[in-house]
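**Student:** Attaching a single structure in structure tokens format; questions to follow.
The values are calculated or read from the model by the stated rules, or taken from the named source; none is laboratory data. What you see is a predicted model; the values in this text were computed from it and never measured. Positions of Cβ are generated from backbone atoms using ideal geometry, with glycine treated the same way; all protein chains shown enter the neighbour counts. Side chains included, ligands, DNA and RNA excluded: accessible areas come from the protein's heavy atoms. Shrake-Rupley method; radii C 1.70, N 1.55, O 1.52, S 1.80 Å.
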Amino acid sequence: YSRTLQISEPNEFDIMLVMPVTRLQLDECDDTGAYYYLSFKRNPKEKHLSKFLDEDGKLSAFKMLQALREIIKQEVKNIKNVEVTVKRKKAGSPAITLQIKNPPAEITVDIILTLEVQQSWPPSTQDGLKIEQWLGRKVRGEFRNKPLYLVAKQNTREKVLRGNTWRLSFSHIEKAMMNNHGSSKTCCESDGPKCCRKSCLKLLKYLLEQLKTIHTKKLDKFCSYHVKTVFFHLCVMWPNDTDWHWGDLDHCFQKCLGYFLDCLQKSQLPHFFIPQYNLLSMEDKASSDFLSKQINNELNNRFPIFQE
């Protein structure tokens, strides 16, 4: 799905390339509960994937990405009327990035290798997705019955980067929550009451994007996923549509920033689906403090960054 939330000209898109797999064994590879080693249960149907196993019988994200890269490179050569290039590999990145040059603007497309397994979510997700008060228990149950997604993502906390870790991904659920974000069934429908949830998220993302543009090095630990996670926690804290009146946008946005600052100050931002996984570790406290300072500065000066 593409990043429709960009405020400025959308020039970056994510595409998940989904490969269905029957059954996998998941073994946690650290205490985050987000990263796993994958192996096949007895005699898998996926014979064609056996060449991507490493010597321990673990499915190698690295090998699969390499193979996919080659296929994409070959395919790109056949594209005649548009100039498409495969960008150089970034270490540890799960994406294969295409650069498409075609005036008026250049766009980049990230292709993300994703495995889809029809099996129950691992124990680390048990206490996550606390949306009962916001979207209801029934919706939570429906979400948890959806397949499990794993992306070929290098765990940067690993001492030896062997490229055989996979990370849980919930982007399909995140998208569903964004598309159906109201506690009432009619929120933001053409004739229903309009809320400011999406606008708050867009403003938060834009603020971080702009700050990252100015302070690239100091803020490289932060990405839009931090903002998205903050936003989902806020939706749970203020579950009612009346908490997000369209007319109260500026007030709501400031409340959002207040909560974000609180997370930064405590260095605590639990992953929305995997509560034991803290997205703000103590060793990045300096970056968190720096970001706090920048956000406070914007708040106190009536957001010069939006005036550009």
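**Student:** With a ≥ b ≥ c taken as the square roots of the eigenvalues of the C-alpha gyration tensor of the stretch 206-308, please select rounded if a/c is under 1.5 and otherwise prolate if a/b is larger than b/c or oblate if it is not? Please report the intermediate quantities before stating the final value.
**Tutor:** Details: a/c = 1.99, a/b = 1.08, b/c = 1.85.
Because a/c hits 1.5 or more and a/b fails to exceed b/c, the stretch 206-308 counts as oblate.
**Student:** Next up: Where only protein heavy atoms count, and the probe is 1.4 Å, what is the accessible area per residue for the stretch 96-157 in Å²? Mind showing how you got there, number by number?
**Tutor:** Values: 3050 Å² over 62 residues.
Roughly 49 Å² per residue, with all protein chains present.
**Student:** Would you please classify the overall shape of the stretch 115-218 from the alpha carbon gyration tensor, given that a ≥ b ≥ c denote the square roots of the eigenvalues, rounded means a/c under 1.5, and beyond that prolate means a/b larger than b/c while oblate covers the rest? Provide the component values of the computation, followed by the final result.
**Tutor:** Numbers: a/c = 2.76, a/b = 1.20, b/c = 2.31.
Cα axes put the stretch 115-218 in the oblate bin.
**Student:** Moving to a separate point now. For the chain, take the longest principal axis of its alpha carbons; what is the angle in degrees between that and the long axis of helix 224-237, to the nearest 10 within 0 to 90?
**Tutor:** Approximately 60 degrees, to the nearest 10.
**Student:** 7 Å from Cα along Cα→Cβ at both S190 and D284: what's the point-to-point distance in nm?
**Tutor:** Result: 4.2 nm between the two label points.
**Student:** Might you report the magnitude of the Cβ-based charge dipole of the stretch 184-307 about its Cα centre, with Lys and Arg at +1 and Asp and Glu at -1, to the nearest 20 debye?
**Tutor:** I would put it at about 280 debye.
**Student:** Report, in whole Å, the centroid distance computed from the Cα atoms of the stretch 114-150 and the stretch 169-201.
**Tutor:** After rounding, the separation between the Cα centres reads 18 Å.
**Student:** Another one. Assuming a ≥ b ≥ c are the square roots of the Cα gyration tensor eigenvalues, decide whether the stretch 1-180 counts as rounded (a/c under 1.5), prolate (otherwise, with a/b larger than b/c) or oblate. Before the final figure, lay out each step's value.
**Tutor:** Values: a/c = 1.95, a/b = 1.17, b/c = 1.67.
It comes out oblate by the Cα gyration axes.
**Student:** Moving on to the next point. Treating the beta-carbon of each Lys and Arg as +1 and of each Asp and Glu as -1, no other charges, what is the dipole magnitude of the chain about its Cα centre, to the nearest 20 debye?
**Tutor:** Working: 46 positive and 36 negative charges, 165 e Å.
With only Lys, Arg, Asp and Glu charged at Cβ, the dipole is about 800 debye.
**Student:** Which angle from 0 to 90°, rounded to the nearest 10, does the C-alpha axis of helix 249-266 make with the longest principal axis of the chain?
**Tutor:** Result, in degrees: 60.
**Student:** Quick one: if you stick a label point 7 Å off each Cα along the C-beta vector at E12 and D127, how many nm between them?
**Tutor:** 3.3
**Student:** I'd like the orientation of helix 285-300 relative to the chain: the angle between its Cα long axis and the longest Cα principal axis, in ° from 0 to 90, rounded to 10.
**Tutor:** Roughly 30 degrees, rounded to the nearest 10.
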